[in-house]
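The values are calculated or read from the model by the stated rules, or taken from the named source; none is laboratory data. What you see is a predicted model, and the numbers here were worked out from it, not measured in a lab. So basically every Cβ, Gly included, is an ideal-geometry build from the backbone, and we count neighbours across all protein chains shown.
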Amino acid sequence: MKRILGAIAAGVVAFSGIYALAASLNVSSNQLGAGTSVVASCTADTLTVTYGTLAYTSGTGYTTTSVTVTGLASTCNNVPYRITLYQTGGASLAEATGTTPATGTTFTTSAFTAVSAAAVTGVAVVLGG
């Protein structure tokens, strides 16, 4: 019985210490830490992401190695990007990085390995970061 009470007391003390440390985390746009923060973006417009050319392979189905991003504002030109394709459950299927073009409202990246189009359930585009 004393061991059980000792284990419970140790758990309460450990949890209290961890909670106190987590409560002291601050998040802002120029600090690294756990949490989320709203930061200025290069555009408030909606970006559209579409597959590049699809290729059909028997047994695999349709695959793509590229995506096209449209709706790029001039304030988003010549900035770094990261595009991630996700599958069910949020696991990453493929990721491409690069720099947006110096001019224009559209760019295509072909930095992906072949990805099954049917497996893609989401996409994330990060500009400027």
*What strands (runs of 3 or more DSSP E) lie completely within the range 56-129 and have 1 or more residues being modelled with pLDDT under 90, touching a Gly at 6+ places or on another chain (Cβ under 9 Å) and surrounded by 14 or more Cβ atoms within 10 Å (Cβ to Cβ)?*
61-64
*Boolean, ALA96 is under 21 Å from SER41 (Cβ atoms) and under 17 Å from the mean Cα position of the chain (by Cα)*: yes
*How many residues does the range 70-83 contain that are in contact with an Asp or Glu (Cβ under 6 Å, 6 or more places away or on another chain) and closer than 13 Å to THR50 by Cα?*
1
*Can you name every residue in the range 97-118 that is within 16 Å of THR53 (Cα to Cα) and in contact with a strand residue (DSSP E or B) (Cβ under 7 Å, 6 or more places away or on another chain)?*
THR106, PHE107, THR108, THR109, ALA111, PHE112, THR113, ALA114, VAL115, SER116, ALA117, ALA118
*Answer yes or no: is there a residue in the range 14-33 that is in a strand (DSSP E or B) and modelled with pLDDT under 90.*
no
